[in-house]
Amino acid sequence: MPITIKSAREIELMTEAGRILEIVHGELQKALRPGMSTKEIDRLGEEVIRSYGCTPSFLGYRGYPASICVSLNEEVVHGIPNDKRIVKEGDIVSLDAGVIYKGYHSDAARTHAVGEVSEEARNLIRVARESFFEGIKYAKEGNHLSDISGAIGRYVEKNGCGVVRDLCGHGIGGSLHEAPEIPNYVMSRKGVKLRAGMTLAIEPMINAGGWEVDWLEDEWTVVTRDGSLSAHYENTVLITAGEPILLTLTGEM
Ligand code: MF3
Ligand code: CO
């Protein structure tokens, strides 16, 4: 599949999809507390998404059974919400969500600390977020994909964390996953040249220990092989000739 360049109208729709997703994440962060089940988080997320006239883009995607991916501690991504899985003080919780607005997708993830967490956990969450911002320094027309990937990977490793290699960011638009794939590690290839109008979901997934991961029996949940903590941070980004526009982040988070 070729990389799509979005029209002004498509960018308008994706901007709205992004704005709504930012609200969804805000509501989830506000509600997150010890004692809550991961299913409750999913229910609330779906409710907020639908209240804005959007559809949860993950629900039913390749058979995924929920609207919000909720991944605790050593879970990297794609945790499946469950009534019996209870969030507790000291956990870190990665929330990944996507919405479809009039046929256009946005995709964003945040990792939150629940109450007091270890210093290692706090540091990991910070490095995941900062690595995204290192990457998007290069998210500009004329640069190559590898400039983003390399900046993320180098930053994460410099900070003593492992970069997940089995999962990547991706183009996004009329589909959740479009070309190109966006690795979070240093690449030997330059990768495609960035052009204004490309929309990319850039999403470092990083581990406190090694980069290796495994898939659980449920066929979705990805966990760190060494059991170390993992964090995820993602935004949908519009490439321009100047600064990139963060479609899912206009505020602080
Ligand atoms: N942000 C994730 C991704 O880009 C969300 C997909 S989860 C799925 O892969 F459930 F929809 F598969
Ligand atoms: Co994504």
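Figure legend. Inter-residue proximity from the range 42-57: first residues touching a residue at least 60 places away in the same chain (Cβ under 8 Å), second residues among the aliphatic types (A, V, I, L, M), beta-carbon distance below 8 Å, spacing 6+ or different chains. Indicated pairs: 57/99; 57/100; 57/176. Within the option set 194, 200, 176, being touching a residue at least 12 places away in the same chain (Cβ under 8 Å), more than 16 Å from ligand 2 (Cβ to nearest atom), touching a His at 6+ places or on another chain (Cβ under 9 Å) and closer than 20 Å to residue 11 by Cβ holds for one residue only, 194. Scanning the range 96-111 turns up no residue that is away from ligand 2 (no atom under 16 Å from the Cβ) and of a type in the set (Asp, Glu).
Please go through the range 112-128 and give me each residue that is in a helix (DSSP H, G or I) and surrounded by fewer than 20 Cβ atoms within 10 Å (Cβ to Cβ), ordered by number. So that I can check it myself, show each step before the final result.
As a first pass, look at the range 112-128 and keep what is in a helix (DSSP H, G or I): 119-128.
Matches in the range 112-128: 119, 120, 122, 123, 126.
Here residue 152 meets the list (1) assigned to a helix (DSSP H, G or I); (2) away from ligand 2 (no atom under 16 Å from the Cβ) almost entirely, failing just condition (2).
Just so you know, all these numbers are worked out from the coordinates, no wet-lab data involved. Keep in mind that what you see is a predicted model, and the values were worked out from it rather than measured. Ideal geometry is used to build each Cβ from the backbone, glycine not excepted, and the neighbour counts take in all protein chains shown.
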